[in-house]
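The values are calculated or read from the model by the stated rules, or taken from the named source; none is laboratory data. If you're wondering where the values come from, they're calculated on a predicted model, not measured in any experiment. Neighbour counts are summed over all protein chains in view; Cβ atoms, including those assigned to glycine, are modelled from backbone coordinates with ideal geometry. The protein model used for the area step is the full one, side chains on, heavy atoms only, and it has no ligands, DNA or RNA in it. Shrake-Rupley method; radii C 1.70, N 1.55, O 1.52, S 1.80 Å.
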Amino acid sequence: MSIHLLRSAGCPEWVVDHSLAVRKKALELAGNLPVNRELVEEGALLHDIGRCRTSGVDHAVEGARILRKLGYPVEVIRIVERHVGAGIPEDEADALGLPPGNYMPETLEEKIVAHADNLINGSDEVDIDFVIKKWSDRLGKNHPSIDRLRQLHEEIMEMSK
């Protein structure tokens, strides 16, 4: 049903392909961790639904807005809203012009989907070095999000052992 929703919302096919790859990676990262696998799967499939309306950083907020209107559970909405990079703290969200709010992944399900999204470029799996370089090239090597990306990677990898 989630794939149908992406298509009916008008997401390009590359978003569908990307979302399927993120779902696969998220479920792999979830492994035997004590998480709600259905929530991880649903969140991974819908994380980029906002891309049907915008390709900017605000696609997460727009995706959450779409799912809220459709009556989705708050747990799925939060995954979508908090999946960009390793999260966006309130001060950075304000500087980016996002509505006031918490865009940092908090639950393990939120963190898994955010990190799975980081490790998928298009529909191809990449490693953390690729991710760090991509974000460093966009934001600068000293941007605070780079450390958050590393920390999220270490946290997820440590738990997955």
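Cβ-Cβ distances below 7 Å connect the following pairs, each with a first residue in the stretch 20-38 that is touching a residue at least 60 places away in the same chain (Cβ under 8 Å), a second residue that is surrounded by fewer than 17 Cβ atoms within 10 Å (Cβ to Cβ) and charged (D, E, K, R), and a separation of six or more residues or different chains: Lys25/Glu125; Ala30/Arg37. The set of residues in the stretch 68-87 being without any contact (Cβ under 8 Å) to a residue 60 or more places away in the chain, surrounded by 19 or more Cβ atoms within 10 Å (Cβ to Cβ) and outside any loop (DSSP other than H, G, I, E, B) consists of Val76, Ile77, Arg78, Ile79, Val80, Glu81.
Only one entry in Leu39, Leu20, Leu5 is open to solvent by 40 Å² or more (accessible area, probe 1.4 Å) and either over 19 Å from Arg78 (Cα atoms) or assigned to a helix (DSSP H, G or I) (or both), namely Leu20. Do we find a residue being more than 21 Å from Leu149 (Cα to Cα) and aliphatic (A, V, I, L, M) anywhere in the stretch 57-66? Yes; the residues of the stretch 57-66 include at least one that is more than 21 Å from Leu149 (Cα to Cα) and aliphatic (A, V, I, L, M). Going by the conditions given, is Ile112 closer than 21 Å to Ile132 by Cα, among the aliphatic types (A, V, I, L, M) and touching a helix residue (DSSP H, G or I) at 6+ places or on another chain (Cβ under 8 Å)? Yes: the conditions hold for Ile112. Of the residues making up the stretch 88-112, those that are farther than 17 Å from Glu154 by Cβ and in a helix (DSSP H, G or I) are Glu90, Asp91, Glu92, Ala93, Asp94, Ala95, Glu109.
Among the residues of the stretch 50-62, those identified as in a helix (DSSP H, G or I) and either over 14 Å from Gly10 (Cβ atoms) or more than 11 Å from the chain's Cα centre (by Cα) (or both) are Gly50, Arg51, Cys52, Ala60, Val61, Glu62. Restricting attention to the stretch 123-138, the residues being touching a helix residue (DSSP H, G or I) at 6+ places or on another chain (Cβ under 7 Å) and either more than 18 Å from Ala44 (Cα to Cα) or β-branched (Val, Ile, Thr) (or both) number 5.
Within the stretch 127-161, if we keep just the residues that are in a helix (DSSP H, G or I) and among the polar types (S, T, N, Q), the residue that is nearest to Tyr103 (Cα to Cα) turns out to be Ser145. Being part of a loop (DSSP other than H, G, I, E, B), in contact with a helix residue (DSSP H, G or I) (Cβ under 6 Å, 6 or more places away or on another chain), open to solvent by less than 40 Å² (accessible area, probe 1.4 Å) and within 24 Å of His153 (Cβ to Cβ) is not true of Val15. Can you name the residue in the stretch 93-117 that is more than 19 Å from Val76 (Cβ to Cβ) and not aliphatic (A, V, I, L, M) and is also most open to solvent (accessible area, probe 1.4 Å) among such residues? The residue in question is Pro100.
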